[in-house]
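Peer 1: Before we start, here is the structure in question, set down as C-alpha cells.
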Amino acid sequence: MATKMASKTATKTAAIKTTNATSQSKAKASARAASRNEGRIVETAEEARGGEPGPSMLALLTISTVAAGFVLGIIWFIFVRT
C-alpha cells in the first residue's frame, strides 16, 4: 500500500514539474516575440516553424522509411530477381 501511494505521489510530482516546465517555456517564447529590423520581421527558427518537431516526427520518418524499404524490397523480389 505504501509503495502504491509513493508511486502516485511521484507521478503527481512529475506531472507538476512537466506542467511548470511547459508554462516556463511558453513564457520564454512569448517574451521572445518577433521583432522588427529595418521594417522586416525577424524570428528565430523555432518561432518561424511554430515549435519543435519532437519525437513523433522521428517516429513518423522512421516508420515511413522502413515501409518504403519494405515495399521496394517486395517490388525487387517480384520483378527484378530472376
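Peer 1: Give me a comma-separated list of calculated 3J(HN,Hα) values for region 64-80, in order, Karplus coefficients 6.51, -1.76, 1.60 applied at θ = phi - 60°, integers in Hz, x for any Gly or Pro.
Peer 2: In residue order, the calculated couplings are 5, 5, 5, 4, 5, x, 5, 5, 5, x, 5, 4, 4, 5, 7, 9, 8 Hz.
Peer 1: What list of ³J(HN,Hα) values in whole Hz, one per residue of region 41-50 in order, does the Karplus curve 6.51 cos²θ - 1.76 cosθ + 1.60 (θ = phi - 60°) give from phi, with Gly and Pro shown as x?
Peer 2: Here the 3J(HN,Hα) series is 7, 10, 10, 6, 4, 5, 5, 5, 8, x Hz.
Read-outs throughout are calculated quantities, based only on the coordinates presented, and are distinct from any laboratory measurement. This structure is a prediction, so every number in the text was calculated from the model and none was measured.
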